[in-house]
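Quick note: the coordinates plus some simple rules give every number you see, no bench work behind them. Just so it is clear, the model here is predicted, and its values are computed rather than measured. Reconstructed Cβ throughout: ideal geometry from the backbone, glycine too, with neighbour counts over all protein chains shown.
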Amino acid sequence: MRIEDLTRDEFSAAINLDPIIILPLGATEAHGPHLPLGTDSLQPEWVADQLAERIGALVAPPIRYGMHSSTRNMPGTIDLSFDTLYHLISDILESLVRNGAKRFLVLSGHAGGSHMTAIKEACRRTATAYDSRIMFLSDYDLAAELAPRRGVAPGDGHGGEVETSRIMHIRPDLVGDDRPEGEFISHGFMVLPDPECCFPQGFAGEPAKATAELGEELNWHVVKRLEELIMRDGL
C-alpha cells in the first residue's frame, strides 16, 4: 500500500498498526544506450510494492534522485550533493517519525559509495535521535547473490546483464535492442577529475545476454530475501 494513495484518516489508521515503512530510493542516471534513466528507481519501487503486499508494509513516496560520481557528467544524470541527500533523507525519516512511524526499510536501487554513505548517516542519525528501528541496504546487493549461480559473468555491473534483465521483467517496453558489451576500467586509488572514464561505454557487462526470465527470478529473489532479513533481524 502506497502512502500517497491514502487519505489522512486512512493513513492514521494504518500507522496505528505499527507497519514497516518502506522508503524506495533510486536515481536518474545514464545506463548506456539500452536502459532508461530511471533504471535505479524502477527496481526498488517494484520490489517495495511486492514486499509491502507480502508483509503488510506501507510504501513511502519514492525518491528518484541520488549522488553520482562515475556517471555524473553523462547525459541525463541528475545529481544531488552529499549534504543535500543526507538532509533530504533525514528530513523525510524525521517527518515520518513525527507521524508515528517506528520501523523503516530504506531500500536503494543506486549503490554508489558516497550515495550509500550519505543515506546511511541519515539513517544512523534518525535511529539514534528517535530510537527508531531502521534497515538500510541496496537491492542490487541481493540480486548479486543469485547472479553467479545463474551464469552471470564476473564484472557484470552498472547497466549490465543483471540490471537489464530486471528491467526487461519490470518494464520491457523501456529496454532498447542496442546492447553491446561494456567494461569498467579501474584506476586504483586515483581521484579522477573525469571519473566517467571508468565506464568507456557507459555501462559494464553483457546486456545482450539479458532475459526477462532471469530478471523475474532476480526480482523475486530480492523480495524473498528482504522478507527473510526482516524476520531474521526483527525489524
Placed amide H near Met135: partners under 5 Å, 5+ positions off or other chain: Phe104, Leu105, Val106
Efficiency of FRET from Cβ geometry, Arg133 and Met190, R₀ 45 Å, rounded to 0.05: 0.70
Kyte-Doolittle mean at least 0.5, axial Cα span of 20 Å or more - DSSP H helices of the chain: 82-98
Chymotrypsin sites (Phe, Trp or Tyr not before Pro) lying in DSSP loop within region 121-224, provided at most 12 other Cβ fall within 10 Å: Phe189
For region 58-75, Karplus couplings with θ = phi - 60° (6.51, -1.76, 1.60), whole Hz, Gly/Pro x: 10, 9, 6, x, x, 10, 10, 10, x, 9, 9, 10, 6, 10, 4, 9, 7, x
Relative contact order of the chain, pairs being alpha-carbon contacts under 8 Å that are 6 or more residues apart, as %: 23 percent
Using a Förster distance of 25 Å, the FRET efficiency for Asn16-Glu121 (Cβ separation, nearest 0.05): 0.25
Under 5 Å, built H, 5+ apart or other chain: amide partners of His158: Ala204
The chain: antiparallel DSSP beta bridges as a percent of all, rounded to 5: 10 percent
